[in-house]
Each structure stands twice: as C-alpha cells, then as structure tokens.
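The values are calculated or read from the model by the stated rules, or taken from the named source; none is laboratory data. What you see is a predicted model; the values in this text were computed from it and never measured. Here the Cβ positions follow ideal geometry from the backbone for every residue, glycine too, while neighbour counts run over all protein chains shown. These area figures cover heavy atoms from the full protein model, side chains too; ligands, DNA and RNA do not enter into them. Shrake-Rupley method; radii C 1.70, N 1.55, O 1.52, S 1.80 Å.
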Amino acid sequence: MTPIEIKNKTNMTQRDGFTSTFGVLVATLGSAVGLGNIWKFPYLTGTNGGAGFLLVYLLATLLLGLPVMIGETMLGRATRANAVSIFEKLRPAQPFWKIIGYMGMLAAVLILGFYTEVAGWVFAYIFKALSGSLLHGDASAAQAQFKATIANPLSALAWQWAVLLLTGGIIMLGVSKGIEAVAKRLMPVLFLLLVVLCIRSLTLSGAGAGLKFLFAPDFSKVSAGVILTAVGLAFFKLSIGMGTMLTYGSYFRDDQNIPVTAGRVMLADLSISLLAGIAIFPAVFTFHFAPTDGPALVFLTIPAVFASMPGGQIFMVLFFVLTALASIGAILSLLEVPVAALTERLHWSRRKATALTVLLIAILGAPAALSNGAAAHWTIFGLTFFDFYDFVSSNLLLPVGGLLLCVFVGWIIGRDWVQSQLSNRGLLANQAVVTGVFMLLRYVSPVLIVIVLLRGLKVF
Ligand code: TRP
C-alpha cells in the first residue's frame, strides 16, 4: 500500500480514543504517576546519595524527558497508530525505525516483570495495614515484616498473578472505558494524602536531616553510573522511550495542545515524586532506617510515619489503596503498548493479545518475583532477575529508545513536519516552543543521551 492508502484505511477504521481534553491529561498522568514516584524515586534517591541525584534527575527530566515526551505524543497523534506501525506509516521505505516499537514491546514486558511484583507488595500491604500489624513504629520489626512478605515464594507469585489478572481484565475492556475511568478518580486524593503525610513528616525530629539529604547536594556522590540511573529514572517516570506515549498520543484529540499537556504532566508528576521524597526522608532519619534500604524504603518508612499520627491506620490503608490504584494506571499503559501493536499488526483480538502478553509476563516475571527469596541466587551478570530486568529496561532500553526517537524526529522527520504538528496545523502559533523543542530533539537531547550512556556503561 502507498502511504495515502494506509492513511485512508486508518481513517475508516474506528479507533478507540480519549473523550475529552481533560481525559487526555488525566489518562497520561495516570500512566506517568505510579510506583515510579512512590517507590522507585525515593529508593533510588536514597541509594544514589540524595540531593545530587535529585538534581541530575531534574535536569534530565527537563532536557531529555520533556522533549522526548512531546516528540512521542506528536508522532502518535499524527499517525494514529501503534508503537511499531507509526514508523512504517511515516517512513515506509526505512524499516529500521520500527525497531523503536519492537524495543518498546520488549521493554514493556521486562518492566512489567518486576513492576507487577512491586504492585503485588503494595496489595499485600493493604491487608497488613487493615489488620493493624504495621502500627508498631519499630525499625527492626518493620524490616523483618517486609522481608517475610517478599521472600515467601507462594505469596510473591500469587500477588503478581493477581495484579496481572486484574490489569489484563481492565485492558480487555478497551482504552477509554478502562484506562480513563480508573485514572480520573484517584490522582487528587493521592496528592492530598501525600500533603498530609508531608506535614506530619516535617514535624518529626529527623526533618532537618531528611531535608538536607534530599536538597543539599554532595557532588562527590554523582558518578557516571549515578547519572545514567537518574536519566533512566527520568524516562521511566514520564513513561517514555518505549512507546507508551507513542501509543497514548495516538488516542489524543486533534485539538490537544501537546507541549502544554506534556508540561502539565511533567510538573504534576514531579510534584508527586517530591512529595513522596519529603514524606519519606525525614522518617528515615527519625526512625533509624537507612537511606540505602533500597526497594524496601517506602514499605518501611511510610507505616512508621502513619504509626506516629492520630487516625494513622485509616490513612495508611488509604495510602496503600491509592498507591495500588496508581500502579494499575501505569501498568495499563505499559500493557497497552504490546496489546495495541499485536491487535493492529497481527489482527489478533484484544482478548487474545492481552491474554498472551499477560502470560508471557507471568512466565518472565516469575524469576523476578522469586528473586527476593527462593531464586535469590539466580543471577545474570551478577544481578538478580528483578534487578536485571530493571537495569536493562531503565538504563538501556529506555535511553536508547529515547535516543532513536530524537534522531528520528530531529533528523529524519524534520522541522516543517514538527512545526505543523506542534502548532496544530498553524492554529496555535508559538514559534519559540516549536524551535525550542526541535533544537532539543535534534541536538541537545541525543548528544546528552549518548554521552550519559557511554560513560554510564563505562565504554569510555
Ligand atoms: N511511569 C510509570 C511510573 O512511574 C511507569 C510506566 C508506565 C512506565 N508506563 C511506562 C515506565 C513506560 C517506562 C515506560 O510508575
């Protein structure tokens, strides 16, 4: 088919989409906000030395994250296709670019391999919060409790499968009904609850030490490896580099202002991460945990803060319920990438595509789920499966995906096209934004990503 024929064909096919501008914003936020804010951001900030890491992460979000996010949504909306077909439609003669979509499908499966496990821990903690067994505020008891939760092989697998079944079910219902409905309701409540938590944390005795750790940079801790991790987190946080925003962009409305939407999503996402950090680090220093406690951090500190608060148990249940819901919004957006590509490219039903994707994740995810107990000694390149999936996806696939995307938009697609897309075919005339985004995508972001990748992986 010629590009024109392909275009006509899509126009005739009914594609599900988001139903309002506000719906787009909320659904995109629903993808961005998740365990990345509540679990990964605080734990990586803790293990990578605090404020210096935070600063690099902020810079990476602005200089790499925002332009790539704008680029992805723009490509998706212009082509109304899945993460693989987008590139086929725009450059039918250059099949290479489809690799961005294929790498994205792989990244989705790897991320979900460990992400669904952590979501499972959150679900398990809802029940612990309900039972009141987290209300003691004792550091070593909290550590033991967390270890027991994640080490038990049967419950680890069962929770992961429960999360997969639940999210797979929602995905089968379709884009607007499933994703929009879940995402719309939870964000403001989560935000408010985090504000309450922060107020409590800031009145704890360790507040000063916590804030210093989070905001007073010690640059001696910022190594090339730390920078790569911060860049990986910036991509992970904004759900970019693997096709989520390509796919979500394809459900955007034609009149949506893409740069404004992306900017709002970025700011809201950053605020939620920062609130989580401000809630957690004072508690680390007050209740004698360590910033380097790793993936356990949020599961140790947050219950300790709630235990020191009137009505703490109710808030604690609410916190884990909201975190679970936020993680579901993010999981849906990850699943959507392979599901949309498989249904549209192989003409599978949504049901079949979802079932097979979920099955694959369950198989690949099992050794990650067990890597905190039964399979702790199974390693690849010295990492457990859990850490390996995380490293390969966040520190390799997402930055490389982002790099290819920058090159595609900046060098292959070119400025005129970007101009017409970003200004909604001339309706929104903002030259400065178009020029800024295009220059970042063409020069700044790709160069920075290459340097960070090569140095972070110790190539030079
Ligand atoms: N951004 C989500 C979070 O912070 C996770 C996520 C959803 C994601 N979709 C993604 C990460 C795509 C990378 C790529 O929890």
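Working from Cα pairs under 8 Å separated by at least six residues, relative contact order for the chain is 33 percent.
Short to long, the 20 Å bins of the Cα pair-distance histogram for the chain hold 26, 59, 15, 0 percent of all pairs. Estimated translational diffusion coefficient (Stokes-Einstein, Kirkwood radius over Cα pairs, 10 °C, 1.306 mPa s) of the range 346-460: 90 µm² per second.
From the protein chains alone at 1.4 Å, what is the descending order of accessible area for 89, 237, 221, 458, largest first?
On the way: 89 45, 237 0, 221 100, 458 170 Å².
These residues rank, largest area first, as 458, 221, 89, 237.
Scanning residues 5 or more positions from residue 379 or on other chains, none has an amide H under 5 Å from its amide H, with H placed 1.01 Å from N in the peptide plane. Residues 327, 220, 420, sorted by accessible area with the largest first, give 220, 420, 327 [1.4 Å probe; ligands and nucleic acids excluded].
Taking the helices alone, the chain has a mean residue ellipticity at 222 nm of -22500 deg cm²/dmol, built from -39,500 (n - 2.57) per DSSP H run of at least 4 residues and averaged over all its residues.
Only Cα sites of the range 56-183 enter the Debye sum here, all with the same form factor; the resulting log10 I(q)/I(0) across q = 0.18, 0.19, 0.21 1/Å is -1.13, -1.16, -1.23, listed in q order. Whenever you get a sec, compute what percent of the accessible area on the range 85-136 sits on carbon and sulfur atoms (1.4 Å probe). Reported share for carbon and sulfur atoms: 71 percent. Charged side chains reduced to their Cβ positions (Lys and Arg at +1, Asp and Glu at -1) give the range 218-340 a dipole of some 100 debye around its Cα centre. Spin-label model, residue 218/residue 102: points 7 Å from Cα along the beta carbon direction are separated by 4.6 nm. This model, with +1 at the C-beta of Lys and Arg and -1 at the C-beta of Asp and Glu, gives the chain a dipole about its Cα centre of some 680 debye. Ordering 295, 370, 342 by the projection of their Cα atoms onto the charge dipole of the range 255-391, which places +1 on the Cβ of Lys and Arg and -1 on the Cβ of Asp and Glu, puts 342 at the extreme positive end.
Does the range 279-397 come out rounded, prolate or oblate by the C-alpha gyration tensor, with a ≥ b ≥ c the root eigenvalues, rounded set by a/c under 1.5 and, if not, prolate when a/b is larger than b/c and oblate if not? Working shown, then result.
Numbers: a/c = 2.83, a/b = 1.59, b/c = 1.78.
Oblate.
Please compute the Kirkwood hydrodynamic radius over the range 126-281, one decimal place, Å, based on all pairs of different Cα atoms. Hydrodynamic radius (Kirkwood, Cα pairs) of the range 126-281 is 19.6 Å. Each of 73, 95, 394 was scored by the projection of its Cα onto the charge dipole of the chain, and the greatest displacement toward the positive side belongs to 95; charges sit on the C-beta of Lys, Arg, Asp and Glu. With q set to 0.14, 0.15, 0.18, 0.22 Å⁻¹, the log10 of I(q)/I(0) for the range 224-269, from the Debye formula over equal scatterers at the Cα positions, is -0.42, -0.47, -0.63, -0.84.
Averaged per residue, the range 305-448 has 40 square angstrom of accessible surface, using a 1.4 angstrom probe with ligands and nucleic acids left out.
In this structure, residue 377 and residue 253 have a Cβ-Cβ separation that, at R0 = 60 Å, corresponds to a calculated FRET efficiency of about 0.75.
What are the DSSP H helices in the chain that stretch 24 Å or more along their long axis, judged by alpha-carbon atoms, and whose average Kyte-Doolittle hydropathy comes to at least 1.0?
Working: long enough: 98-131 (49 Å, 1.41); 153-172 (28 Å, 1.51); 181-202 (34 Å, 1.97); 258-286 (43 Å, 1.63); 312-346 (50 Å, 1.70); 350-369 (27 Å, 1.15).
Going by DSSP H runs, the hits are 98-131, 153-172, 181-202, 258-286, 312-346, 350-369.
Rounded to 0.05, the FRET efficiency of the residue 166 and residue 94 pair, given R0 = 25 Å and the Cβ-Cβ distance, is 0.05.
Here the accessible area of the range 189-257 is 67 percent carbon and sulfur, with a 1.4 angstrom probe and all protein chains present.
Answer rounded, prolate or oblate for the range 349-397, using the Cα gyration tensor with square roots of eigenvalues a ≥ b ≥ c: rounded when a/c is under 1.5, else prolate when a/b is larger than b/c, else oblate. Please list the in-between numbers first.
Numbers: a/c = 4.08, a/b = 1.70, b/c = 2.39.
Here the range 349-397 falls in the oblate category.
The range 94-144 gives an Rg/Rh value of 1.37, both radii derived from C-alpha positions and Rh following Kirkwood. Ranking 450, 434, 419 by Cα position along the charge dipole of the range 342-460, where only Lys, Arg, Asp and Glu carry charges on their C-beta atoms, puts 419 farthest toward the positive end.
Taking the 1.4 Å solvent-accessible surface of the range 411-460 as the whole, the part contributed by carbon and sulfur is 67%. The Cα trace of the range 254-303 gives Rg and Dmax of 16.0, 52 Å, the first to one decimal, the second as a whole number.
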